[in-house]
Amino acid sequence: HAMDSKVGEVLLYYCYCEVKDPEKLCAWQKALCQHLHLTGKVRVASEGINGTVGGSKVATSLYIEVMLSQPLFKDILCQEDFKSSAGGAHCFPDLRVGVFKEIVPMGIDPKIVSYKETGIHLSPQEFHREVEQYLSQASQGQSDTILLDCRNFYESKIGHFQGCLAPDIRKFSYFPSYVDENLELFKDKRVLMYCTGGIRCERGSAYLRSKAVCREVYQLKGGIHKYLEEFPDGFYRGKLFVFDDRYAICSNEDIISACRYCGTLWDQYKLCSSQHCRQLVLTCPSCCNKGLTACCPVCQEKELKVTSRASGQTLKEECECTWRRPRVPIEHVSQRTLDTGK
C-alpha cells in the first residue's frame, strides 16, 4: 500500500513558536504520524516543535501539507523549512512523540536564553561566500573569523566544513560549557556557525550572543542539509551524519575519516558491539571480520565477559571512549593550526 512503500523519504524540520498547550499538540502530532504510517521522533515544547520523520513520499507530502495548514505554524513554517533525504519509515525503529522543556536539548532554560536572540541567518549562497572569504584569509594567517561546528564530535568526524573548529563534545548539552570555558577564543571574533538542519544554531547562537564577547554571530539557515542541496561539491567535505538508522547521507564521494583499528579510509558507523554501550565505531569490513567490532579495547573485553555472565545484570555505559574524553575541551588558541586544504 502506497504509504508503506520502501522508496520514501525522511523529513527534518523545526518551528519555533508559542505553544499554549504542548500536551494537546503532542497528541495531535502522534495521531497524525500514526495515520500516515510515519516513524521517527518529534519533540514538542512550549517553545515549538522539532521533528524527523520517515515514510512514503505520499505520506511525507501529506504530512507537510497538514503541517503548513496547522494554525499554530501557519505564518511561520513554510515548504522551505522541510529538509528531505532518501529513506523511509524503515529508517527508524518506531515513532516517538513527546513533550519536553526544549525542542533541542541544550540544557538551558528557554526562558533564560531564548531562540528569539539568535544570530544573523545566512542563506547557503551567503554562507558559501563567507566560508570562501574566510578560507582565503585563513590561509594567509589573518582571519578574524571562526567557522564553528555546533555538532558533536562523532558527527564532525565524518564530515565538516574545511577549516572549521569542531568542538570535541559528545552532546549538544555540553555546548554552553564549551563556550564558557573558551570565551577568550571568541573574543572580538566574527563567528560563522552551522549544524545539521539549523536548529542547534538557533539556541547555540543565542547562547553565544548572551555572553557579549563576539563581534558578530552568523548561522547557516537550513543547516548543512540545505547547503548540500545547493553546493554538493562545496566547502563541506565528507558525509552528513543523521540521527537515524542510516547514520550518514552522502553528497559526494569524499571520505575524510578512518577505521579506528587499521587507519584505512572509512566513514560508515556501526553501533559498538558491546551490549550496553551506545558509542559508535568506525570499523572497516576487514577489521569487522577479524572480530574488531567494539568502540575500544575495554568494550571488546567487556563483551567477552558479558556473554559468559548471567543476563539481567546491567553494566554502566562507560569505557575508554568516555573516560579519556574531557567533558569540555579547552582550546589552545595559539597552537591551533587550521586544516584549510581539501
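The values are calculated or read from the model by the stated rules, or taken from the named source; none is laboratory data. Source: prediction; values computed, not measured. Please note: Cβ atoms are built from the backbone with ideal geometry, for glycine as well, and neighbour counts cover all protein chains shown. With ligands, DNA and RNA removed, areas are computed over all heavy atoms of the protein, side chains included. Shrake-Rupley method; radii C 1.70, N 1.55, O 1.52, S 1.80 Å.
By accessible area, using a 1.4 Å probe on protein heavy atoms only, region 1-156 has 54% of its surface on carbon and sulfur.
Legend: helices of the chain (whole DSSP H runs) are marked when their alpha-carbon atoms reach 15 angstrom or more along the helix axis and their mean Kyte-Doolittle hydropathy is at least 0.0; marked are 57-69. Local charge for Pro232 was computed over the other residues whose Cβ lies under 13 Å away, with Lys and Arg +1 and Asp and Glu -1, and equals -2. Against the criterion of solvent-accessible heavy-atom surface with a 1.4 angstrom probe, Cys201, Cys262, Cys164 sort, most first, into Cys262, Cys164, Cys201.
Calculated FRET efficiency, Glu65 to Ser286, Cβ-Cβ distance, R0 = 41 Å: about 0.30 to the nearest 0.05. Within the straight-line cut-off of under 20 Å between alpha carbons, the lysines reachable from Lys24 are Lys41, Lys74, Lys101, sequence neighbours fewer than 8 places apart in one chain being disregarded. Counted over the chain, the DSSP beta bridges are approximately 60% antiparallel. Here the accessible area is traced with a 1.4 Å probe on the protein chains. For region 256-306, carbon and sulfur cover 55 percent of it. Taking Arg200, Arg260, Arg278 in turn, the Gaussian network model of the chain (Cα-Cα springs below 10 Å) assigns the largest fluctuation to Arg278. On a per residue basis, the chain carries 49 Å² of accessible surface, using protein heavy atoms and a 1.4 Å probe.
Mean separation of Cα pairs under 8 Å and 6 or more residues apart, divided by the residue count, gives region 120-249 a relative contact order of 31 percent. The residues packed around Ile76, meaning those with a beta-carbon under 13 Å from its beta-carbon, carry a net charge of -4 if Lys and Arg are +1 and Asp and Glu are -1. So which lysines can Lys290 reach, going by Cα to Cα under 20 Å and dropping same-chain residues fewer than 8 places off? Of all the lysines, those that pass the test against Lys290 - Cα under 20 Å, at least 8 places apart if same chain - are Lys270, Lys302, Lys305. With contacts defined as alpha carbon pairs under 8 Å and 6 or more residues apart, what's the relative contact order of the chain in percent? Relative CO of the chain lands at 15 percent.
Stretched out straight at 0.36 nm per residue, the stretch from Gln79 to Ala258 would grow longer than its current Cα-Cα span by 60.7 nm.
Counting only Cβ charges, +1 for Lys and Arg and -1 for Asp and Glu, the dipole size of region 9-99 around its Cα centre is about 240 debye.
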